[in-house]
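A.B. asks: Right, I'll just put the structure down here and ask away after.
The values are calculated or read from the model by the stated rules, or taken from the named source; none is laboratory data. Predicted, not measured: the structure shown is a model, and the values here were computed from it. Cβ sites come from the backbone with ideal geometry, for glycine too, and all protein chains shown count toward neighbours.
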Amino acid sequence: MKNLLNSLSEPNRLNIVELLKQGPLTVGEIAEKLDLRQPQVSKHLRVLSEAGIVSVRPVANRRVYQLNPEPFQEIREWTDSYRHLWEDRFDRLDGYLNELQKNRKEE
């Protein structure tokens, strides 16, 4: 999980992931859309690939990258494991705000 999150923490890599949500792209297409040089994009794609976030398939003389859904499922499961903490805190906040409203009405 740590490697996955570290891979996504770099802004250019996160931008690449956002682009790939729309569908597969070549290195050149990504570079053009993000206004980056191809070597930079290739470096970021290598990191994303090593983390299992993207996969690549050759098409003629180009390499087409696409997102792998599994790492995002892993992130979802991890964040869901903390959901009860946030729900409890939101419930307490809701109770507190209701109490404040009640006190203001009584004033």
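A.B. asks: Do any residues in the range 20-34 that are in contact (Cβ under 8 Å) with a residue 40 or more places away in the chain have Cβ atoms under 9 Å from those of residues that are part of a loop (DSSP other than H, G, I, E, B) and not charged (D, E, K, R), where the two are at least six apart or on different chains, and which pairs are they?
C.D. replies: Close Cβ pairs (under 9 Å, with a partner that is part of a loop (DSSP other than H, G, I, E, B) and not charged (D, E, K, R)) amount to Leu20/Ile53.
A.B. asks: Of everything in the range 2-58 that's more than 16 Å from Pro69 (Cβ to Cβ) and in a loop (DSSP other than H, G, I, E, B), which residue is nearest to the chain's Cα centre (by Cα)?
C.D. replies: Ser9
A.B. asks: Oh, and also: Within the bounds of the range 2-25, is there any residue that is among the hydroxyl-bearing types (Ser, Thr, Tyr) and at pLDDT 95 or above? Give the derivation first.
C.D. replies: Restricting attention to the range 2-25, the residues satisfying the condition of being among the hydroxyl-bearing types (Ser, Thr, Tyr) are 7, 9.
Add one more test, that the residue is at pLDDT 95 or above, and what stays is none.
No; the residues of the range 2-25 include none that is among the hydroxyl-bearing types (Ser, Thr, Tyr) and at pLDDT 95 or above.
A.B. asks: Restricting to the range 59-78, and then to whatever is of a type in the set (D, E, K, R) and assigned to a helix (DSSP H, G or I), can you tell me which residue is surrounded by the most Cβ atoms within 10 Å (Cβ to Cβ)?
C.D. replies: Restricting attention to the range 59-78, the residues satisfying the condition of being of a type in the set (D, E, K, R) are 62-63, 70, 74, 76-77.
This time we only want the ones that are assigned to a helix (DSSP H, G or I), so: 70, 74, 76-77.
Details: Glu70: 10, Glu74: 13, Arg76: 10, Glu77: 10.
This residue is Glu74.
A.B. asks: Determine which single condition Ser81 fails, assuming it passes every other condition in (1) exposed (fewer than 13 other Cβ atoms within 10 Å of the Cβ); (2) touching a residue at least 12 places away in the same chain (Cβ under 8 Å); (3) hydroxyl-bearing (Ser, Thr, Tyr).
C.D. replies: For Ser81, the exception is condition (2).
A.B. asks: So Val47 clears everything in (1) in contact with a helix residue (DSSP H, G or I) (Cβ under 6 Å, 6 or more places away or on another chain); (2) among the aliphatic types (A, V, I, L, M); (3) free of Cβ contacts under 8 Å to residues at least 12 places away in the same chain except one condition, right? Which one?
C.D. replies: Unmet for Val47, out of (1) in contact with a helix residue (DSSP H, G or I) (Cβ under 6 Å, 6 or more places away or on another chain); (2) among the aliphatic types (A, V, I, L, M); (3) free of Cβ contacts under 8 Å to residues at least 12 places away in the same chain: (3).
A.B. asks: Can I ask one more? Does Gln40 meet the test of being closer than 28 Å to Lys2 by Cβ and not assigned by TED's automatic domain parsing to the domain that holds Ser9?
C.D. replies: no
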